[in-house]
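The values are calculated or read from the model by the stated rules, or taken from the named source; none is laboratory data. Everything numeric here is computed off the predicted structure, so don't read it as measured data. With ideal geometry, Cβ positions are generated from the backbone for all residues, glycine too; neighbour counts draw on all protein chains shown. Accessible surface areas use protein heavy atoms only, side chains included; no ligands, DNA or RNA. Shrake-Rupley method; radii C 1.70, N 1.55, O 1.52, S 1.80 Å.
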Amino acid sequence: MIGTIVRRLLSMLPVMGVVAVCVFLLLHLAPGDPAAIIAGENVSPENIARIRAQLGLDQPVWRQFLVWVGSLLTGDLGQSMFWGDSVTSLIGQRAEPTISLAFTTVMVAVFLAIGLGVLAAACAGTLVDRLVMGFAVMGFSVPVFVVGYLLIFVFAINLKWLPVQGYTPISEGVAPWLRNLVLPSIALGMAYVALIARITRTTMLDVLAEDYMRTAKAKGVAMRPMLFRHALKNAAVPIATVVGNGVALLIGGVVITETVFNIPGVGRLVVDAIARRDYPIIQGVIMVFSGVYVLVNLLVDLSYTFLDPRIRD
Amino acid sequence: MKTTRRTIMTTGLAAAATVAGPGILRAQTRPPAARTIRAVPHGDIPTYDPIWTTANMSAYHGAMVYDTLFGIDANLAPQPQMVSGFGVSEDKLTWTFELRDGLRWSDGSAVTSADAVPSIRRWAVRSGSGQLLLPRIRDVSAKDDKTFIIALKEPFPLLLDMLASSTTPLCFIMRKREAETDPMQKIDQVVGSGPFILNAGETKAGNQYVYDKNPNYVPRGEPPSGIAGGKVVKVDRVIFQNMPDSQTAVAALQAGEIDFYEIPPIDLLDQLQGDPNITVENLFELGAEGYIGLNWLHPPFDNQKLRQALLYIVKQEDMLRPTFVDPKWYRTCGSWFACGSPIENDANTAWFKGGQDLAKARALMKEGGYDGRPVVMLQATNIPYMMNAATVMAQQMRSAGFNVQLAPMDWANVVQRRSSKAPPDQGGWNIFFTSSGGLAMSNPYMIGGMATIGDKGWFGWPTDERNEQLRDQWLKAETLEQRKVVAAQIQDNAWNIVPHMYYGQWVQPTAHRKNVTGWLHVPEVIPFWNVVKT
């Protein structure tokens, strides 16, 4: 097992290398000039050129790449061109809101989606099944920002139950922390619920059609243990795969959700950085997001051995 | 050690207290919401050095933590601020200034002439107006701790106006240590003598900037007016929140989560005006002016006749209405200088008074020998007023017979591409759009676009000797009446050579909660002193 984990971790290196090259090239070949944005509007072209030189942007792209990769290999993600703060510290400052949002979203989405998927499978072909699947299609089709604005309008402005925006650190209390995360988690979780509920239903239907399930039913096993103790366990591997793959969806959604709900997380950090071409931040955040994605998928792969003893053997 | 339920609970509670402790302590030291203003300005602060950049958000930060020697009042006249007294010699070459009593840096040390002198020098290198002043300065020196002298090579009547102006970069006074930083490098510490102190502990760059009332600040005794007068802080804390999504900011204002929103979208103003808890208020009557940059280096606008043709094509009303909708937020303007400014005039504006005249434009195009070559127009699609203006102007030009190619891109791309002097079909451009504050457009020296110095000038690189001679005359004019005469001459010449054009003028109303009052009307900067929250 340890050998497998080490091999998988080592296989991350070329993946991260490809990500690094792609991110750097895409950013630097795309138009846009951070120096001109930092300088402000009424500035002479000479001053902009001086700032460009100070930032090292007048160097050939290959040299800029080597400098960046050199820093990356020592664990240094660089410094923000605007504030001068290290990218690592900026990501560190913004990590808690993003991790909180992702955590609450995954928790809500996984429990809700698995429940809905099992329900739809158990009631396959009935109105309940259609309603659940209709909800899934809607969740997948409506963009996060539309759901977000609707939730703000109803629950924050009209009913005044929850705040419109912002984030309260968990250190200031669990209740205020949760209050700020309810609406964003629902908005972000909609697509995730839809994705997992659909795969849960499909997998459950396959498992429910197996001979051993029919045998269990014939032996008089009650519906609830049959669904949750026998069927769901056997349907777990594909569901875990989708939960893992859905992290990419979650990362994309986090970027939008944090903007709509003004959550000062890593997603907002990268959106703001893109608008002003703060290259080190964009590169650093994408590298971190990519690393998280690869690691989550590694954990999902490892989880198979726990979910299905046949794979372990 | 035996693990019991009690030890688990005790350990858990201890861990929770350890995690929550710092946050709870921080929360306890925060001023109450009633003494805190949460404001959403128009953007993020790109750098804490308001001299190094002309970005308005850095000037907002500067106005909080730094003070200026002079400030303009509500009538745009310079008034002493850090200065208690000043005088000029009979030959008008030596200005003497005395700092007022009680000025202290936020670290507790006294503000002296040794701080003011390098601050003026550093500002003069970075500022557009300072660069006009710099060659006329013989020396800036400290006479004693409270007195300093600016010695000039020739009389310069606009000296106080420049020191007082709120156009970026403002002449903020910094500690000697920061002021002696190379003007091309950013300062590394924020220590000011202004009405607020940056609370670095609670500030999170890119998210929120926290300013606490400066207990050492001694305001002037006069009532506040513009950026001049007594800067009396009536709250404990001001927080600038960076909230890029305008819909969220409007909702937060309506829900009372923020107190002030600088740039509510025009199409949401009705929603805000209908809210009994919100006031929509215009804080600066001169507003902003839309600027159309023309590239003089390449055809077709290297040709004066073709630039003149544009005067008869552009219909400002059609370019502004899609964005600003209600005429109370915008106005058309034929003056070379901001309409509503003291030097607005109507010299050589027959083209404007006559309205759009495509027949005349076509005649000028024919006279200028327009050969149908493409006109590359840069269109910033992430800034609605620029995007709409470009869309409409492209169509107006097509109606006259220009072959216009819109080049849609984001603003970051526009600011890069407009610096290119390459031909338009090789990565260059013919037309770009931007805007400038009404105050900066109220004189011929504050923005680079007013200069016609060719290669060394601002984007578009127009060249015209007469304009430069007239600008020089302006700088030497001693009275407003004399300046008005020169302004009319500058305008008469400008609308012949057409260095650039305008697409009208507008105001951006702000929105704030009704219980937050005392907002001062200042161009280019939003002051947070004098503001009361009840």
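In region B:126-140, of all residues being part of a strand (DSSP E or B) and in contact with a Lys or Arg (Cβ under 9 Å, 6 or more places away or on another chain), the one that is nearest to the other protein chains (Cβ to nearest Cβ) corresponds to B:I137.
Within the set B:E317, B:E344, the sole residue that is buried (at least 17 other Cβ atoms within 10 Å of the Cβ) and assigned by TED's automatic domain parsing to the domain that holds B:P499 turns out to be B:E344.
A single member of A:A30, A:A53 is free of Cβ contacts under 8 Å to residues at least 12 places away in the same chain and either closer than 28 Å to B:P50 by Cβ or over 27 Å from the mean Cα position of the chain (by Cα) (or both), and it is A:A53.
Note on region B:494-530: residues that are open to solvent by less than 20 Å² (accessible area, probe 1.4 Å) and assigned to a helix (DSSP H, G or I) amount to 3.
For B:V190, the conditions (1) in contact with a Leu (Cβ under 8 Å, 6 or more places away or on another chain); (2) assigned to a strand (DSSP E or B) all hold with the exception of (2).
Per the listing B:D161, B:D145, the residue uniquely within 17 Å of B:V83 (Cβ to Cβ) and in a helix (DSSP H, G or I) is B:D161. Just to be sure before I move on: is B:K456 within 14 Å of chain A (Cβ to nearest Cβ), farther than 21 Å from B:A380 by Cα, within 25 Å of the chain's Cα centre (by Cα) and surrounded by fewer than 21 Cβ atoms within 10 Å (Cβ to Cβ) in the structure I sent? Yes: the conditions hold for B:K456. Tell me, yes or no, whether region A:51-73 has at least one residue that is closer than 24 Å to B:D44 by Cβ, aromatic (F, W, Y) and either at pLDDT 85 or above or not in a helix (DSSP H, G or I) (or both). Yes, region A:51-73 contains a residue that is closer than 24 Å to B:D44 by Cβ, aromatic (F, W, Y) and either at pLDDT 85 or above or not in a helix (DSSP H, G or I) (or both).
Among helices (runs of 4 or more DSSP H) lying entirely in region A:78-193, which contain 3 or more residues that are within 11 Å of chain B (Cβ to nearest Cβ)?
Output list reads A:87-122, A:144-151.
The residues listed here are B:V65, B:V83; of these, the one that is open to solvent by less than 10 Å² (accessible area, probe 1.4 Å), more than 14 Å from every other protein chain (Cβ to nearest Cβ) and over 22 Å from the mean Cα position of the chain (by Cα) is B:V83.
Scanning region A:54-77 for residues that are open to solvent by 50 Å² or more (accessible area, probe 1.4 Å) and within 14 Å of chain B (Cβ to nearest Cβ) yields a total of 3.
The residues listed here are B:G256, B:G201, B:G226; of these, the one that is in the same structural domain as B:P523 (by TED's automatic domain parsing), at positive phi and either polar (S, T, N, Q) or modelled with pLDDT under 95 (or both) is B:G226. The number of residues in region B:320-339 being of a type outside the set (S, T, N, Q) and open to solvent by less than 50 Å² (accessible area, probe 1.4 Å) comes to 10. Within the set B:K176, B:K213, B:K143, the sole residue that is under 29 Å from A:A49 (Cα atoms), more than 14 Å from every other protein chain (Cβ to nearest Cβ) and open to solvent by 20 Å² or more (accessible area, probe 1.4 Å) turns out to be B:K176.
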